[in-house]
Protein chains: 2
Amino acid sequence: MGKQKRVLGIDPGSHRLGVGCIEKTGNTLRLVFAEVISAPARHSLYGRLEIIGLRLREIIDQLVPEEIAVEDIFHAKNARSAFHLGIARGVAISACLGRGVKIFEYAPTQVKSIVTGYGRADKEQVKKMVRLILGHEITLGYDATDAIAIAICHANTVKVSEHLGSAQIRRETENGRLSSRKNP
Amino acid sequence: MGKQKRVLGIDPGSHRLGVGCIEKTGNTLRLVFAEVISAPARHSLYGRLEIIGLRLREIIDQLVPEEIAVEDIFHAKNARSAFHLGIARGVAISACLGRGVKIFEYAPTQVKSIVTGYGRADKEQVKKMVRLILGHEITLGYDATDAIAIAICHANTVKVSEHLGSAQIRRETENGRLSSRKNP
């Protein structure tokens with residue numbers, strides 16, 4: 001048994017935000033928590049972000065994860081929607097700031113590739129693999145399983161980079177993103 | 001003398017964030033505070049956002065503004081840079097959440113038009129008008145004067161909308177500019 005570590009995966013959006021927390025002990029992953037924070041569409045953008053941001057802070061205060069992984073989402077149709085995705089991401093990241101938590105980013109294809117073995121897997125395939133890896137059913141929607149998948153991706157990627165040497169880890173965290181796409 | 005109100009203008013960026021706080025009493029505007037929060041380029045994106053976000057929260061806690069105005073920035077070259085602008089905006093907005101502060105957005109041309117009378121004014125012209133309106137020199141850079149200009153824009157636009165009713169806010173911004181010139 002190695003030391004225990006908590007990883008929080010976040011799948012940010014301005015209407016819904018998926019959160020999945022897993023605990024890694026040695027080679028074992030265990031699901032600690034999952035939630036889809038949703039904000040009613042009747043609220044303004046800022047009203048929704050407030051609901052989402054405040055709930056996320058509560059969750060982080062409660063779970064106290066050591067590391068946070070977010071998807072380096074980038075499937076925006078145009079600059080305007082990229083801007084809105086960025087705002088949602090900024091609000092999610094803000095909930096983590098000042099808590100000494102390290103933040104890591106993964107491309108969607110990297111998450112899918114590490115979790116399912118296939119970079120273009122669909123949400124249902126990701127959900128099935130998350131269930132297999134963690135050994136129990138997730139009753140929440142795809143936003144939750146996507147967030148858990150990001151956490152699993154991080155837990156297993158860091159494992160690889162620990163094997164490959166800390167120089168790489170340092171470089172990755174300094175850049176604020178994990179550039180270890182060659183690692184898996 | 002009307003009632004007093006504090007407006008905080010924010011010009012968000014991922015390397016520097018301009019903050020300008022003005023107080024409006026009746027028809028008089030007074031500069032309360034201005035700062036350019038900067039984060040050294042050697043830090044990662046998240047490191048910089050952490051420095052900026054935490055300092056902004058401190059400022060908001062200290063100044064306790066009733067309303068916050070941000071520029072509806074949108075001069076991104078491409079979707080990628082729009083995404084990064086969005087993240088910076090999300091972090092700035094997060095600092096305001098859960099404090100009961102109202103957030104307002106203004107297009108850059110609207111800010112320039114209300115403050116200088118010309119929607120395509122450059123940063124130097126904006127700085128000069130901010131100095132004239134508030135009656136003293138701003139020694140900080142354009143990030144600070146831009147932020148103050150956003151606060152002035154909001155203070156005077158709201159004034160007009162109080163007089164004319166909210167349906168006419170957009171059409172009557174020209175009057176907001178004229179009334180701001182009587183203020184210095």
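Odds and ends about this structure:
- Strands (runs of 3 or more DSSP E) enclosed by region B:1-113 - at least 1 residues per element that are closer than 15 Å to B:Ala144 by Cα: B:4-11, B:16-25, B:28-38, B:67-71
- Qualifying residues in region A:114-137 (those that are surrounded by fewer than 18 Cβ atoms within 10 Å (Cβ to Cβ) and assigned to a loop (DSSP other than H, G, I, E, B)) - the one modelled with the lowest pLDDT: A:His136
- Taking the numbered list (1) touching a helix residue (DSSP H, G or I) at 6+ places or on another chain (Cβ under 7 Å); (2) at pLDDT below 90 in turn, B:Leu140 passes all entries but (1).
- Condition broken by B:Tyr106, with the remaining ones in (1) within 12 Å of the chain's Cα centre (by Cα); (2) within 12 Å of chain A (Cβ to nearest Cβ); (3) not basic (Lys, Arg) satisfied: (2)
- Within region B:81-96, the set of residues being open to solvent by 10 Å² or more (accessible area, probe 1.4 Å) and either among the β-branched types (Val, Ile, Thr) or facing chain A (nearest Cβ under 7 Å) (or both) comprises B:His84, B:Leu85.
- Subset of region A:78-113 (residues that are touching a strand residue (DSSP E or B) at 6+ places or on another chain (Cβ under 8 Å) and of a type outside the set (Lys, Arg)): A:Ala88, A:Ala92, A:Ile93, A:Cys96, A:Val101, A:Ile103, A:Phe104, A:Glu105, A:Tyr106, A:Ala107, A:Pro108, A:Val111
- Number of residues in region A:109-130 that are charged (D, E, K, R) and more than 16 Å from the chain's Cα centre (by Cα): the value is 4.
- Tally, over region A:68-79, of residues that are modelled with pLDDT under 90 and either within 17 Å of A:Arg48 (Cβ to Cβ) or more than 8 Å from chain B (Cβ to nearest Cβ) (or both): 5
- Some residue of region A:9-21 being surrounded by fewer than 14 Cβ atoms within 10 Å (Cβ to Cβ), more than 8 Å from chain B (Cβ to nearest Cβ) and of a type in the set (Ser, Thr, Tyr): no
- Within the option set A:Ile10, A:Ile59, A:Ile37, being touching a Phe, Trp or Tyr at 6+ places or on another chain (Cβ under 9 Å) and closer than 29 Å to A:Gly135 by Cα holds for one residue only, A:Ile59.
- Under the condition of being facing chain B (nearest Cβ under 10 Å), in contact (Cβ under 8 Å) with a residue 12 or more places away in the chain and hydrophobic (A, V, I, L, M, F, W, C), the residues counted in region A:36-55 number 4.
- Test result for A:Val111, β-branched (Val, Ile, Thr) and either over 24 Å from B:Ala95 (Cβ atoms) or more than 10 Å from chain B (Cβ to nearest Cβ) (or both): yes
- Residue within region B:57-67 that is within 12 Å of chain A (Cβ to nearest Cβ), over 22 Å from A:His84 (Cβ atoms) and open to solvent by 10 Å² or more (accessible area, probe 1.4 Å) present: yes
- Among the residues making up region B:68-80, those that are of a type outside the set (Gly, Ala, Ser) and surrounded by fewer than 20 Cβ atoms within 10 Å (Cβ to Cβ) are B:Asp72, B:Ile73, B:Phe74, B:His75, B:Lys77, B:Asn78, B:Arg80.
The values are calculated or read from the model by the stated rules, or taken from the named source; none is laboratory data. Owing to the predicted nature of the structure, the values given are computational and were not obtained by experimental measurement. FYI the Cβ positions are ideal-geometry reconstructions off the backbone, even for glycines, and counts take in every protein chain you see. Side chains are part of the model used for accessible areas, which takes the heavy atoms of the whole protein and leaves out ligands, DNA and RNA. Shrake-Rupley method; radii C 1.70, N 1.55, O 1.52, S 1.80 Å.
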